[in-house]
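Presented below is the structure to which this report refers.
No value in this document is a laboratory result; all are computed from the given coordinates. Owing to the predicted nature of the structure, the values given are computational and were not obtained by experimental measurement. Glycine also receives a Cβ, built like all others from the backbone with ideal geometry; neighbour counts cover every protein chain displayed.
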Amino acid sequence: MQFRILSLALIGAAQAHSAPTFTKDVLPILRKNCQECHRPGEIGPMPLLTYEQTRPWAAAIKGSVAQRKMPPWFADPHYGRFSNDRSLSQRDIDTIVAWVNAGAPKGNPNDAPPAITFTEGWGIPQPDVVFQLPKPYAIPAKGTIEYLHWVVPTNFKTDKWVQFAEARPTDRAHVHHIIAFVREPGSNWLKDAKPGIPFIPEKPKDPNANISDLPSDFLVGYAPGQPPERFEPGQAKLVKAGSDIILQVHYTTDGRPSKDQTRVGLVFAKEPPPNRAMTLSATNGTFKIPAGDPNYLVESEFTLGTDVILHGLHPHMHARGKDFLYRVRYPDGRTETLLSVPNYSFAWQLWYNLEKPIALPKGTKILCTAHFDNSVNN
Ligand code: HEC
């Protein structure tokens, strides 16, 4: 009898002792999975760099990680493996939950791992060149603003290979998205736009248009949650000498006037890489969703005209998107599911980078299936 009580007491003591602490167990998880956004100047609403900053949020952190709301990641784990998979392991979730349940203790400061160094103002290494809107754009307080396009000449005298690229607003609150396109010399795309003056194209680009009437390549985009463009050694994007960068910015209004001077930073590859990276898009921009339909199906497909190594996927739908499925059909008829996003969130524009790039031979079809909810639920 005495023996049993003694052993119970011992177990109790051992458990209390092994409760996770902030410095030893939780901080490494925050460094790896949260601080890229939860640091000053980034999109997370509060910094989570120190114990003092994190402690008041302990209960909210427990809830958001246990429900897998944070970090934002929406891919169904049954399909595909992604190198930028942000989801926490069950073990990390359990550690955070146990830490909060134990009263969120700080622990020994000497247990803290070394701090990560971030580039101030960028999520990429220090850019070699920065292109910015020539002057701040005055965002009105009210109304709908069309997608604005600015032509920014690169003045590159030689071809450049881009290893890292990042687009950033200076006023995140009013920028829904940015796309930086490359326009090579000789392209007729937006030929009436003048450098320095925001331009609104007359009509949306016709997907069947002549190739010289379309952007030459997509360089990098910005939307909340979208990571900068980072290429592995041996791959880079080509920006030919004399190209322009076209910045497309979508501003939203919220009753307060503001200013934004969006910019793009580029880091060049040390040497020309063996592989040129390009971004392709399978778009279906012509559908109309019947009013009130809670589960409207939209499909788009894209047949590859050349052999391609597929590195990543980016489902993009507007506010009424519900779910998204990417499949491929190989020329031999085999199909494969690459990505399933069962709960698409308009607030987050995520990219899914494949852990193992897939070789897609010429003639492969990329099939995208999406459902939209146009009912009152949405
Ligand atoms: C890609 C950027 C990003 C990452 C990575 C990220 N967060 Fe967030 N987090 C946000 C943004 C933006 C919000 C506010 C919008 C929202 O709640 O969706 C937010 C909100 C939160 C909130 C809710 C705050 C509130 O007002 O209640 C908590 C808690 C939180 N994050 C914790 C975490 C933790 C813990 C991690 C890492 C395990 C993490 N986040 C990773 C961007 C991020």
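Here are some notes:
- Prolate/oblate/rounded call for the stretch 13-111, Cα gyration tensor, a/c under 1.5 rounded: oblate
- Fully extended contour minus Cα-Cα distance, from Tyr79 to Thr144, at 0.36 nm per residue: 19.6 nm
- Projected label distance in nm at Asn108 and Glu271, using a 7 Å step from Cα toward the beta-carbon: 4.7
- Legend: calculated FRET efficiency, Lys356 to Asp94, from the Cβ-Cβ distance at R0 = 35 Å, rounded to 0.05, equals 0.75.
- Full-stretch length increase - Glu42, Asp159 - with 0.36 nm per residue and alpha-carbon distance subtracted: 38.9 nm
- For Ser87, Ser216, Ser18, the sequence from fewest to most other C-beta atoms within 10 Å is Ser18, Ser87, Ser216.
- Arg172-Ala66 pseudo-label distance in nm [points 7 Å out on the Cα-to-Cβ vector]: 2.7
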